[in-house]
1. Tell me, in nm to one decimal, what length is gained between Lys326 and Ser234 on full extension, where the rule is 0.36 nm per residue of separation less the Cα-Cα distance?
2. With springs connecting C-alpha atoms under 10 Å apart, model the chain as a Gaussian network and identify which of Asp297, Asp26, Asp145 has the largest mean-square fluctuation.
3. Add -39500 (n - 2.57) for each DSSP H run of 4 or more in the chain, then divide by its residues: what number comes out at 222 nm, to the nearest 500 deg cm²/dmol?
4. Under a GNM of the chain (C-alpha, springs under 10 Å), which listed residue has the highest mean-square fluctuation: Tyr391, Tyr360, Tyr51?
5. Given (1) 149, 49, 41; (2) 75, 60, 42; (3) 109, 51, 43, which label gives Cα extents along the principal axes in Å as computed from the coordinates?
6. Taking Rh as the Kirkwood radius computed over C-alpha pairs, what is the Stokes-Einstein D of segment 296-449 at 10 °C in a medium of viscosity 1.306 mPa s, expressed in µm² per second?
7. Compare Thr327, Thr203, Thr335 by solvent-accessible area with a 1.4 Å probe and give them largest first, with all protein chains kept in place.
8. Hey, can you grab everything whose amide H is under 5 Å from the amide H of Phe448? Only 5+ residues off in sequence or another chain; H modelled, so Pro and N-termini drop out.
Amino acid sequence: MRIKKLSIILFIWMLSFHAFAITLSDLYFLAIKNDPTFNAAIKEQIAGKEYENIGLSQLLPSIHVNYQNNPRNWQRKVYPINTNQGEIERTEYQNYQSHSVSAIISQPLFDYTAFSDYKSSIIKTLLSDSRYQVKFSELVIRLVDNYIELAYAQDKLLLNISQQEIYKKQLTSSQRLFELGEGTITDISEIQTRLYLTQSQYTDIQLELDNAKNKLSSMIGTPLPYAEHIAKLSNNSFILQPITPNNYESWENEVMQNNLNIQTARYEMAIAKQEVEKNRGEFFPTVQLYASYSNSDSDSNNTVNQKYQSANVGFYVSLPLFNGGKTTASMRQSTALYQMSAFERDAIIQQITQELRHQYQICTTSNIKLNAYEQSVSSAKLQLDATQKSYIGGQRTMVDVLNAEELLYRSQQDLIKAKYDYIQAWALLHQYTNTLDIEKIKLIEGYFQ
């Protein structure tokens with residue numbers, strides 16, 4: 001706990017310097033230590049490790065010892081006796097000590113229900129480990145998503161501020177021209193309208209930025225003072241990562257083998273199968289080997305002042321015959337639940353493979369998409385430059401200039417979004433195949449500066 005507090009204090013101290021930019025790797029280690037959802041998963045895994053021990057205990061010997069000691073006992077005994085005068089009642093009073101001790105050792109020899117429960121407990125232990133891995137995988141992808149969301153909001157905000165500055169300069173210029181008698185009130189109104197719309201978008205983006213910052217702060221266990229501490233998307237050439245293997249069928253096969261959610265669904269299905277077997281065991285007899293020893297002295301009203309010692313070794317056999325239809329009803333219920341788990345597994349496989357195909361298509365088509373958006377931005381810049389020159393020459397209006405600027409603004413937004421969509425899809429692609437590790441985190445980190 002002290003180390004955790006010191007790490008948080010050091011983190012806040014480092015963030016006090018505005019030049020410092022926290023990396024995705026830094027957040028990765030902080031999230032592992034401090035994310036409450038993941039910490040809950042750790043405790044769930046610790047608890048799950050005891051399932052196997054609990055199940056095994058039903059197959060091992062059990063020992064029960066009972067001891068009773070009553071130093072003071074009082075008894076009033078009334079009984080009839082026959083005399084010459086007839087039958088009369090006699091009363092006796094006794095004050096005595098009593099004690100008893102007994103020990104029973106039993107060992108199951110055949111118990112199909114207990115054996116099925118033990119097999120189920122082994123699977124439950126595996127299931128708890130699988131769920132822990134799922135939570136860890138979800139932690140990593142949540143971290144990447146929140147990091148991307150915050151960085152994307154930062155880029156949108158900077159782009160919005162830049163667009164506002166352009167409109168403000170144009171508004172100042174148009175007002176000056178209007179005062180000189182060369183501009184029109186229509187141009188001023190058009191620019192003001194665009195500026196107000198951009199300012200309203202700024203408010204929405206700021207709310208989006210604050211929300212993303214809060215989500216990321218909750219994961220790392222400490223407030224993030226400034227969103228600007230998150231590294232921004234690099235302006236260098238955006239190089240796509242190679243997709244290995246380079247065909248969808250191989251990715252789908254890898255998902256079927258390694259996806260943690262599918263693996264968890266299979267464990268849940270196996271547990272449901274063992275529930276069927278546990279209920280089936282209710283039809284079978286149970287056999288136990290037992291040994292018992294007892295030593296008693298006046299341990300009941302009928303054995304006052306009598307001492308007994310006994311020892312027994314033998315078998316105990318129990319054969320169920322009828323319990324009101326409970327066993328057959330439980331069999332039908334557990335069978336239906338087993339079939340339900342099979343359908344749920346199929347639904348999870350279907351959902352994950354659909355998502356996998358979607359993310360794979362994003363990754364494989366991003367090269368074309370990014371090239372198109374880059375060309376769109378270049379064309380929009382050329383169009384804006386030509387429109388501005390034509391406006392100066394009197395061939396275009398201010399509305400044409402504003403439309404050209406709006407087109408460039410939208411093209412830049414689309415290009416940024418396409419980059420973030422690719423990073424997110426690439427991360428999800430590896431998360432589905434359970435290969436999103438710290439090395440992949442560092443590759444994602446390379447896109448930011």
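The values are calculated or read from the model by the stated rules, or taken from the named source; none is laboratory data. These numbers were taken from a predicted model, which means no experiment stands behind them. Reconstructed Cβ throughout: ideal geometry from the backbone, glycine too, with neighbour counts over all protein chains shown. The protein model used for the area step is the full one, side chains on, heavy atoms only, and it has no ligands, DNA or RNA in it. Shrake-Rupley method; radii C 1.70, N 1.55, O 1.52, S 1.80 Å.
1. Full-extension gain reported as 26.5 nm.
2. Asp297
3. Value at 222 nm, helices only: -23000 deg cm²/dmol.
4. Tyr391
5. Among (1) 149, 49, 41; (2) 75, 60, 42; (3) 109, 51, 43, the one calculated here is (1).
6. Approximately 67 µm²/s, per Stokes-Einstein.
7. I get Thr203, Thr335, Thr327, largest accessible area first.
8. Ser234
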